[in-house]
Amino acid sequence: MHWTSIIAIYVLFWVGTAFVMLPFGVRTHDEMGVPKVPGQADSAPANFRPGRIIIRASIGAALLTALYVANYVNGWIEADDLNVFGTPPSAAAYPD
């Protein structure tokens, strides 16, 4: 696997992990007892910390990328292992 492929996979995992991490640890103004700004949405976060999300997403993406590359190198799970429906009937009629 080329190093550019590993970087691309890391970026994909990072974006997915960042979106998953967004709602964790965020509290609204009502939950924290902080007064709201006039016109503010009730669901607006009072303690949004993008730095924490970036750090968590970076660590999570690094772990997922390492697991993906290890699977690629060692071949633990391959495409044939994911075939839960078996061989299609049309392919079974014409063996190799």
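Observations, loosely collected:
- Helix 50-74 axis versus longest C-alpha principal axis of the chain: approximately 10°, rounded to the nearest ten.
- Rounded to the nearest 500, the 222 nm mean residue ellipticity of the chain from helices alone is -17000 deg cm²/dmol, with -39,500 (n - 2.57) taken per DSSP H run of at least 4 residues.
- Rg/Rh, computed from the Cα trace of the chain with Rh as the Kirkwood radius, has the value 1.26.
- Cα-based helix-to-principal-axis angle, 3-21 vs the chain, degrees rounded to 10: 50 degrees
- Dipole moment magnitude, nearest 20 debye, the chain about Cα centre, only Lys, Arg, Asp, Glu C-beta charged: 620 debye
No lab work stands behind these numbers, since they all come straight from the coordinates. Worth saying up front: this structure is predicted, and the values here are computed from it rather than measured. In this analysis, Cβ positions are derived from the backbone assuming ideal geometry, glycine residues included, and neighbour counts consider all displayed protein chains.
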